[in-house]
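First the structure, in the form of structure tokens, and then the observations on it.
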Amino acid sequence: MRKSLVAEFLGTFWLVFGGCGSAVLAAAYPELGIGFVGVAFAFGLTVLTMAYAVGGISGGHFNPAVSLGLTVAGRFPAARLLPYIVVQAVGAVAAAALLYLIASGKAGFELGGFAANGYGDHSPGGYSLLSALLIEVLLTMFFLIIILGSTSSRVPAGFAPLAIGLALTLIHLVSIPVTNTSVNPARSTGQALFVGGWALQQLWLFWIAPLAGGVLGGLVWKFLDDAD
């Protein structure tokens, strides 16, 4: 259990540092910024790389919504759910803290949105609360279906991290303009703690929506898996 928790800490740390780091440090870099597409691939690559690195130790969740969805689907023991969620949140906050220290080392640094998730005035594209709720639930649900399906015994072993990483890339390509893409309460929490104010006020949505999507994804896959 201890090694599994360390693996989840490292995986979530890498996801937040790599994904949010690309948004904060590289997305709008003068003339050579990586933009939305680059950020989307950065998030996908963090999950892909750490799923191969430590997935065999902890299962490679790196996300409270994933842990909950796997529990609902009967693929993860409920007794481990809370410790996983706690260590994922700690990993995300640690990554956000280190990212803040690095970003603030630049002359004229301004915190800005710090890759935090938001809706309404704090949505990159000005999307409403309802839009944010719907897209976060929907995309998290499909993320869980992809995770559960690609790790099932019905498909060739060893390729799941590719499918999962590419799925997260696609999710970001679709939803960065809407919410800055959460589908992960831990990722949202780390950034919100440093932005404060509006980010903390809107954080509730980025716990409720991904967790609801995770539950739905777990239920859908459980139905499909039992269809035989």
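Go through the residues of segment 210-228 one by one and say whether even a single one is part of a loop (DSSP other than H, G, I, E, B) and in contact with a helix residue (DSSP H, G or I) (Cβ under 7 Å, 6 or more places away or on another chain). No. For segment 183-228, residues that are closer than 20 Å to Leu82 by Cα and of a type outside the set (A, V, I, L, M, F, W, C) total 11.
Pairs are defined by a Cβ separation below 6 Å, a sequence spacing of at least 6 or placement on different chains, a first member in segment 81-109 that is over 14 Å from Asn184 (Cα atoms) and free of Cβ contacts under 8 Å to residues at least 60 places away in the same chain, and a second member that is hydroxyl-bearing (Ser, Thr, Tyr) and open to solvent by less than 50 Å² (accessible area, probe 1.4 Å); the pairs so defined are Leu81/Ser67; Leu81/Thr71. Of all residues in segment 4-31, those that are closer than 20 Å to Pro124 by Cα have Cβ atoms under 6 Å from Cβ atoms of residues that are open to solvent by 50 Å² or more (accessible area, probe 1.4 Å) and not in a helix (DSSP H, G or I), 6 or more apart or on another chain, in Ala26/Ile34; Ala27/Ile34.
Pairing residues of segment 123-140 that are at pLDDT 95 or above with residues that are part of a loop (DSSP other than H, G, I, E, B) and small (Gly, Ala, Ser), at Cβ distances under 7 Å and at least 6 apart in sequence or on separate chains, gives Ala132/Ser123; Glu136/Ser182. Test Ala163 against the stated conditions and say whether it is in contact (Cβ under 8 Å) with a residue 60 or more places away in the chain and either open to solvent by less than 30 Å² (accessible area, probe 1.4 Å) or assigned to a helix (DSSP H, G or I) (or both). Here the answer is no, as Ala163 does not meet what is asked.
Ala199 meets all of the listed conditions (1) closer than 22 Å to Ser152 by Cα; (2) in a helix (DSSP H, G or I); (3) open to solvent by less than 30 Å² (accessible area, probe 1.4 Å) but one, namely (1).
If you go through segment 82-106, how many residues are more than 22 Å from Gly18 (Cα to Cα) and either out of contact with any Asp or Glu (no Cβ under 9 Å at 6 or more places or on another chain) or open to solvent by 70 Å² or more (accessible area, probe 1.4 Å) (or both)? Working first, answer last.
Going through segment 82-106, the residues more than 22 Å from Gly18 (Cα to Cα) turn out to be 82-83.
Still in the running and either out of contact with any Asp or Glu (no Cβ under 9 Å at 6 or more places or on another chain) or open to solvent by 70 Å² or more (accessible area, probe 1.4 Å) (or both): 82.
Adding up the residues that qualify gives 1.
The values are calculated or read from the model by the stated rules, or taken from the named source; none is laboratory data. Quick caveat, the model's predicted, so the values are computed rather than measured. All Cβ positions, glycine included, derive from the backbone under ideal geometry; neighbour counts span all protein chains shown. Areas reflect the complete protein model, heavy atoms only, side chains present, ligands, DNA and RNA absent. Shrake-Rupley method; radii C 1.70, N 1.55, O 1.52, S 1.80 Å.
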